[in-house]
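The next block holds one structure in the form of structure tokens; read it before the comments.
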Amino acid sequence: MEKGAEFQAHVSSSLDSLHNYALLLARPPEDYEDLLQESLIRGFRGFESFDQALPFKAWMFAIIRNTYIDRHRRRKARPLEEPLEGQQPSVSLDNPLYSIPLAPEDILLRQEAIEHVREAIRRLPVLMREVVELRDIEGLSYRVIATIVGRPVGTVMSRLYRGRNLLRTYLVEPRRQDGPATWIPS
């Protein structure tokens, strides 16, 4: 298979995940398309170095993260530890992984629950949010995440633990703006 066609096949099979990861990292959020495009160009140029024994998605996540870090250093914007705000949720009923219940009320309740969880994830500090997203949304192993973020597995596990605990508090604490408690329908 030709290099370009093989790369395109890999990208096509994991484009949604790559898109979501770029959206997770991009600051400001409107820059995610540029981040993804630059990362895909870097990935294509370095595709000969891709080890076929490793997951392509994890390899591209590392490229996206490194591209983000390079862009961040060039801009000298906010530090990586700073929480990001204003990111729009990307929940879509068109997603084939989204199971649609028959009753419209169930659809509405599920959408509201997903919105609350996405909002809570967006409130996490960047480094915790990244690990939670890679583990709980993308389903990557601790070792793969450690490779992507360039940290030991123990650090990944610690950030995941702290991120999940903070996420849990965001989901059950009273909302500061509205007054009522945040509630996730079951």
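Looking across the stretch 30-41, just one residue is surrounded by fewer than 20 Cβ atoms within 10 Å (Cβ to Cβ) and polar (S, T, N, Q), and that is 37.
Results for (1) modelled with pLDDT of 90 or more; (2) surrounded by 12 or more Cβ atoms within 10 Å (Cβ to Cβ), shown as yes or no for each residue.
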site	(1), (2)
17	no, yes
24	no, yes
28	no, no
43	yes, yes
54	no, yes
59	yes, yes
68	no, yes
77	no, yes
95	no, no
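For the stretch 30-53, the condition holds for no residue, the condition being that it is within 16 Å of residue 140 (Cβ to Cβ), touching a helix residue (DSSP H, G or I) at 6+ places or on another chain (Cβ under 6 Å), of a type outside the set (Lys, Arg) and not assigned by TED's automatic domain parsing to the domain that holds residue 144. Within the stretch 138-169, the set of residues being assigned to a helix (DSSP H, G or I), surrounded by 15 or more Cβ atoms within 10 Å (Cβ to Cβ) and out of contact with any helix residue (DSSP H, G or I) (no Cβ under 7 Å at 6 or more places or on another chain) comprises just one member, 155.
The values are calculated or read from the model by the stated rules, or taken from the named source; none is laboratory data. For clarity, every value in this text was computed on a predicted model and none was experimentally measured. No Cβ is skipped: glycine too gets one built from the backbone with ideal geometry, and neighbour counts run over all protein chains shown.
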